[in-house]
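See below for the structure under consideration.
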Amino acid sequence: MIKLDAVFQATEALTPQLAARLADCAEHHRAELSIEYDGRQVKLNSLISILALNLYRGVPVRVIAEGEDEAAAAEAVRAVVEGKA
């Protein structure tokens, strides 16, 4: 299991398009991916759950990946969250 800390910087607030990019990122990796924010952890295979996080610029999040390609998967999600991908 890999846990990476990140700061949400991709947009001012989480949009449906960005949530879809996160879900798409999870779909392309074998590891199980989730994001933890404000005491809640949601899996990235659920668009509704991602949107329910209600992220906005500057909040700290934790990317969690577990599985075969967990390192690459966690880095890919962190890049999206930080607005670098």
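Taking other C-beta atoms within 10 angstrom as a stand-in for reagent exposure, Leu14, Leu51 fall in the order Leu51, Leu14, fewest first. Projecting label points 7 angstrom from Cα along Cα→Cβ for Arg62 and Leu4 puts them 1.6 nm apart. The trypsin sites (Lys or Arg not before Pro) of the chain that DSSP puts in a loop, and whose beta carbon has at most 14 other beta carbons within 10 Å, are Arg30, Arg57, Lys84.
Which of the following values of Kirkwood radius over Cα pairs in Å was calculated from the structure shown: (1) 16.3; (2) 15.4; (3) 12.1? Entry (3). How high is the relative contact order of the chain, in percent, counting Cα pairs under 8 Å that sit 6 or more residues apart? Answer for the chain is 48 percent.
Every number in this text was worked out from the coordinates using simple rules, so none of it is lab data. As the structure is a computational prediction, the values presented were derived from the model and not from experiment. Quick reminder, even Gly has a Cβ in these numbers, built from the backbone with ideal geometry, and neighbours come from all protein chains shown.
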